[in-house]
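Heads up, the thing below is written out as structure tokens.
Coordinate-derived values only; no laboratory data. Because the structure is a prediction, the values reported are computed rather than measured. Cβ placement follows ideal geometry from the backbone for every residue including glycine, while neighbour counts extend to all protein chains displayed.
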Amino acid sequence: MIAPIFRTLSPQFFPTAKFGNSFSNPAFLELQGLFDEIASEMEPILTPNKYSVSTNLGRGGIAFVPWIGIHSTNTTFDSSANNGFYLTLLWKYSGSGICLSLQKGTDGIVGGNKAGKIRTAVELIRNKYGTGGFETSIDLEYDKGRPKAYEQAHIFGREYHPDNLSELPDDLVKIENLYDAVVNDNPVVFLDEEGSTGSIIGERTFESTFDRDILDLRTSELLAHSQRKPSKGNRHPSHRVVETNQYERDPAVKADVLQRANGVCELCNYDAPFTKDDGSPFLEVHHIKPLAEKGPDIVENAVALCPNCHREAHHGRNRDSIASTLRSLFSN
Ligand SMILES: [Zn+2]
Ligand SMILES: [Zn+2]
């Protein structure tokens, strides 16, 4: 792969503007042949059967910045140059070097502030998946049209000149792994109308989980996306048996606390919301300093709460001040 790339970096071929639009120019045909050679030598470096590699030297007119694209063939993932994500090797206008780049497709971004939309999308991807130590800008030496859009749509990658070209095969493997992580998470980018802000959501956010904290995190991520796809749900959620930390409880402590409360929530002072089968009021006994945090199971560390107050004591934004209110109630 290195040898044919090296041969393309020559004034014989670049700038390609010299060919006008003559696709049959013998030197241009030779360049096309070298690109085909590079593409076919690139394929064995990549994981088999996951990518399609194609050369792009221009359609209609010869491209000033020709490139070789590496597109994921995963059918649920958009790897198009239109609006998806793909890897590419881009040749600099002067032919002095090449750029390896993870690209955001831009042809499908239309209207309004196109540059702003590209910039926002690129930043969202970098923030979510990192840059793997690669560089976040490239210079294709041509500041108009497609080449300029490629520079803007560069997520991360690296520039090569004859002196560091030998490092390209290793970098290609590295960037393939990073691309693979993006493909697997299958992100969808949402941009506001101006394109100045946006958000990104990956497939993983939709995955079911046993972990309640992760569940809450994913739920709030989804709530932030009004345009998200509808939930699929799960008719037969899988289950697992887990070992939990349990603490011994003294029934007399529980009884004493319920008796002290006498059917009234000790936080909001309203009556218990309903009665149980045996006619007694429903209140829950809560430990002010949790047993899991080495709190004692004694009457002074326990309160009887209605279900609303109990949930708020655990999950409300005021839980710290509720805890100190409860502590002061029984501190002497
Ligand atoms: Zn209450
Ligand atoms: Zn509790």
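Report the one residue of 110, 168, 282 whose Cα lies farthest in the direction of the positive end of the charge dipole of the chain (charges on C-beta: Lys and Arg +1, Asp and Glu -1; origin at the Cα centre).
Of the candidates, 110 comes out farthest on the positive side.
Name the residue from 234, 255, 309 whose Cα lies farthest towards the positive end of the charge dipole of region 201-332, charges +1 on Cβ of Lys and Arg and -1 on Cβ of Asp and Glu.
234
What 222 nm value per residue comes from the helices of the chain, counting each DSSP H run with n ≥ 4 as -39,500 (n - 2.57) and dividing by all residues, nearest 500 deg cm²/dmol?
Details: 9 runs with 109 residues, N = 332.
It lands at -10000 deg cm²/dmol.
Under 25 Å Cα to Cα from residue 294, which lysines show up? Leave out anything in the same chain fewer than 8 places away.
Within the straight-line limit of under 25 Å, residue 294 reaches these lysines: 254.
Could the peptides 157-166, 69-78 be put in order, highest first, of the mean number of other beta-carbon atoms found within 10 Å of their residues?
Numbers: 157-166: 15.3, 69-78: 16.8.
Top of the packing list down: 69-78, 157-166.
Below 8 Å, C-alpha to C-alpha, sequence gap of six or more: please give me the relative contact order for region 63-152 in percent.
For region 63-152, the relative contact order is 25 percent.
In degrees between 0 and 90, to the nearest 10, how far off the longest principal axis of the chain does helix 212-223 point, with axes built from Cα atoms?
60
At 0.36 nm per residue, minus the direct Cα-Cα distance, what do residue 206 and residue 231 gain on full extension? Give it in nm, one decimal, please.
Details: separation 25, 0.36 × 25 = 9.00 nm, distance 0.82 nm.
Here the answer is 8.2 nm.
Output wanted: per-residue J couplings in Hz (rounded whole) for region 140-150, from phi through Karplus 6.51 cos²θ - 1.76 cosθ + 1.60, θ = phi - 60°, x for Gly and Pro.
Here the 3J(HN,Hα) series is 8, 6, 8, 9, 9, x, 4, x, 5, 4, 4 Hz.
If you fit an axis through the alpha-carbon atoms of helix 319-329 and take the longest principal axis of the Cα set of the chain, what angle between them do you get, 0 to 90°, nearest 10?
Tilt of helix 319-329: around 20 degrees.
Before anything else, pin down the relative contact order of region 251-329: Cα pairs under 8 Å, at least 6 apart, normalised by residue count, whole percent.
Working: 97 pairs, mean separation 23.0, N = 79.
Relative contact order comes out at 29 percent.
Residue 254 to residue 216: FRET efficiency via 1/(1 + (r/R0)^6), r the Cβ-Cβ distance, R0 22 Å, to the nearest 0.05? If you can, show how the numbers build up before the last one.
Numbers: r = 29 Å, r/R0 = 1.31.
Calculated value: 0.15.
So, with +1 on the Cβ of K and R and -1 on the Cβ of D and E, and no other charges, what is the size of the charge dipole of region 251-329 about its Cα centre, to the nearest 20 debye? Provide the component values of the computation, followed by the final result.
On the way: 9 positive and 11 negative charges, 54 e Å.
Approximately 260 debye in magnitude.
So how tilted is helix 168-185 from the main axis of the chain? Cα-based, degrees 0 to 90, rounded to 10.
Here the helix axis deviates by roughly 40 degrees.
Once you list every other residue whose beta carbon is under 10 Å from the beta carbon of residue 92, what net charge do they have if Lys and Arg are +1 and Asp and Glu are -1? The partial results should precede the final answer.
Numbers: positive: none; negative: 139, 141, 159.
Net charge in that neighbourhood comes out at -3.
What does the charge dipole of region 2-186 about its Cα centre add up to, to the nearest 20 debye, if the Cβ of each Lys and Arg holds +1 and the Cβ of each Asp and Glu holds -1? Intermediate values should be presented prior to the final figure.
On the way: 16 positive and 21 negative charges, 147 e Å.
That gives region 2-186 a dipole magnitude of about 700 debye.
Taking K and R as +1 and D and E as -1, what net charge do the other residues with C-beta under 10 Å from the C-beta of residue 309 add up to? Don't skip to the end; give the middle numbers.
Details: positive: 311; negative: 266, 284, 312.
Net charge around residue 309: -2.
Run the dipole for the chain about the Cα centre, Lys and Arg Cβ at +1, Asp and Glu Cβ at -1, nothing else charged, and hand back the magnitude in debye, nearest 20.
On the way: 34 positive and 44 negative charges, 147 e Å.
Value, rounded to 20: 700 debye.
Taking the Cα centre of each part, how many Å lie between region 283-317 and region 1-43?
The two parts, judged by their Cα centres, are 73 Å apart.
As an exercise, use a Förster radius of 35 Å and the Cβ-Cβ distance of residue 94 and residue 45 to find the FRET efficiency, rounded to the nearest 0.05. Walk me through the intermediate numbers first.
Details: r = 26 Å, r/R0 = 0.75.
Efficiency at R0 = 35 Å is approximately 0.85.
What residues from region 72-114 fall in the zone where the backbone N is under 19 Å from a label point 7 Å along the Cα-to-C-beta line of residue 148?
Zone members listed by number: 91-94, 104-114.
State, to one decimal in nm, how far the label point of residue 194 lies from the label point of residue 328, with both points 7 Å from Cα in the Cβ direction.
Calculated label separation equals 4.4 nm.
Sorted by average packing, counted as other Cβ atoms within 10 angstrom per residue and highest first, what order do 113-124, 3-14 take?
On the way: 113-124: 18.8, 3-14: 16.0.
Put in order of decreasing packing, that is 113-124, 3-14.
Which one, 178, 48, 16, is farthest towards the positive end of the dipole of the chain when Lys and Arg carry +1 and Asp and Glu -1 on their Cβ?
It is 16, whose Cα lies furthest towards the positive end.
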